[in-house]
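Undergrad: Please read through the structure below; I'll follow up with questions.
The values are calculated or read from the model by the stated rules, or taken from the named source; none is laboratory data. All figures in this text were calculated on a predicted structure; none of them were measured in a lab. Note that we place each Cβ from the backbone using ideal geometry, even for glycine, and neighbour counts take in every protein chain shown.
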Amino acid sequence: MVAVRGAGFSSAVREDYHFENLRRNLSQAEELGVDFVEIPIFAMDLIAGGRIIPSQLRRLKEALRPRALGYTAHGPIAVNFMQRELSERHFEVARASVEAAAEIGAVHVVFHTGVMRESDTRTIEAAYSNQRDYIARLGDIAAAHGIIIAIENIFPKSEAEVTALPSRLAHEIEAIGHSNVFACLDFSHGAITCASQRADFLAEAEALARMAIHLHVHDSFGDPTQLATYADAERLAYGLGDLHAPIGWGKLPWAEMMQRFTFRPDVIFNLELPPRYWYALDDSVREMQDMIEVYKAGRANA
């Protein structure tokens, strides 16, 4: 195994059901020399009622060929196994997503960890137990299709919401103990969650890094402050929330993290920029590639 399997970025396609923008994204990826593109299968009408739509999947596969690229995938954002009463419904959609990701040759498929509105400790712990059971089942599906599930840390959108700190998510993945289930460390999400819970971001992120086979790279100020703004540019001006900003625009300590953290062997670095920042894609890819070199040099000297 190598220290880093490769680098890529998330395709910024939305409302692109004929995959025309996706084809342009893939051409950009080839021009930039990245190894992977993350396909947003949650936004492509690939699944209806928990089942794959064969004709749409076929069109997607045609759009992806022939390319000198590897692929990862992002599953539906709504999948949430902490919603115990809806777990079977979430599982059917997640299973179809794993199957679709495997069909396009993705090596990883990302799902978010759960979130809930609850303050009772027993109820929260029951929800975590339920999530472990369902992710383990999903891991079995992934194993049958030769793909890895990467569970991503998220952040609470209000004080009423409960979700895992990065260290808790690391503990949950260790407890699942499945060879096809690892973590996706989202650095900005971790910074926001830690700020909202007054936790040590570097220590928390380092705990999840050890379980991370997939990374979501984008910048922010790690600021959970709720403040009314008029436009996305104003959120950026104030440095609020999960900006998904180009690397270097926020204040996440990238150099320190690359020198300090150790990820899973064969980790994939994936840049996540929304369409509004696509003009900065080239610079951010270069910044990420420089980060990877710092990380690899540290592993070589370890």
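Undergrad: Which condition number in (1) on the phi < 0 side of the Ramachandran plot; (2) crowded, with 18+ Cβ neighbours inside 10 Å is the one that residue 19 fails?
TA: All conditions pass for residue 19, except number (1).
Undergrad: Identify the single condition in (1) free of Cβ contacts under 8 Å to residues at least 60 places away in the same chain; (2) surrounded by 17 or more Cβ atoms within 10 Å (Cβ to Cβ); (3) within 15 Å of residue 149 (Cα to Cα) that residue 101 does not satisfy, given that it satisfies every other one.
TA: The single condition residue 101 does not satisfy is (1).
Undergrad: Same structure, new question: What strands (runs of 3 or more DSSP E), lying completely within segment 27-118, carry at least 1 residues that are more than 23 Å from residue 135 (Cα to Cα)?
TA: Hits in segment 27-118: 36-39, 70-74.
Undergrad: Moving on. Tell me which residues, restricted to segment 251-302, are touching a residue at least 24 places away in the same chain (Cβ under 8 Å), of a type in the set (Phe, Trp, Tyr) and outside any loop (DSSP other than H, G, I, E, B).
TA: Correct list: 254, 269, 277, 278, 295.
Undergrad: With respect to residue 36, is the statement that it is in contact (Cβ under 8 Å) with a residue 40 or more places away in the chain and either more than 27 Å from residue 262 (Cα to Cα) or polar (S, T, N, Q) (or both) true?
TA: Answer is no for this residue.
Undergrad: Being out of contact with any His (no Cβ under 9 Å at 6 or more places or on another chain) and acidic (Asp, Glu) is the filter; apply it to segment 220-277 and report the residue that is nearest to residue 13 (Cα to Cα).
TA: Looking at the filtered set, the residue picked out is 232.
Undergrad: Can I ask one more? Considering only residues that are modelled with pLDDT of 95 or more and farther than 18 Å from residue 111 by Cα, which ones fall in segment 65-87?
TA: Scanning segment 65-87 gives 69, 70, 85.
Undergrad: Right, next: Confirm whether residue 189 is on the phi < 0 side of the Ramachandran plot and part of a strand (DSSP E or B).
TA: So residue 189 does not fit the description; no.
Undergrad: Now a separate question. Output yes when any residue across segment 233-245 is in a helix (DSSP H, G or I), in contact with a Lys or Arg (Cβ under 9 Å, 6 or more places away or on another chain) and either among the aliphatic types (A, V, I, L, M) or on the phi > 0 side of the Ramachandran plot (or both), and no when none is.
TA: yes
Undergrad: In the set 186, 219, which member is farther than 22 Å from residue 115 by Cα, within 15 Å of the chain's Cα centre (by Cα), among the acidic types (Asp, Glu) and surrounded by 19 or more Cβ atoms within 10 Å (Cβ to Cβ)?
TA: Checking each option against the conditions leaves just 219.
Undergrad: May I ask you to list the residues in segment 128-170 that are within 18 Å of residue 92 (Cα to Cα), assigned to a helix (DSSP H, G or I) and either at pLDDT below 95 or among the aliphatic types (A, V, I, L, M) (or both)?
TA: Matches in segment 128-170: 135, 136, 138, 141, 142, 143, 144.
Undergrad: Output the qualifying pairs, or none if there are none: Cβ atoms under 6 angstrom, residues six or more apart or on different chains, first residue in segment 6-24 and closer than 30 Å to residue 264 by Cβ, second residue of a type in the set (Asp, Glu).
TA: 6/35; 7/35; 8/35; 10/38; 10/272; 22/16
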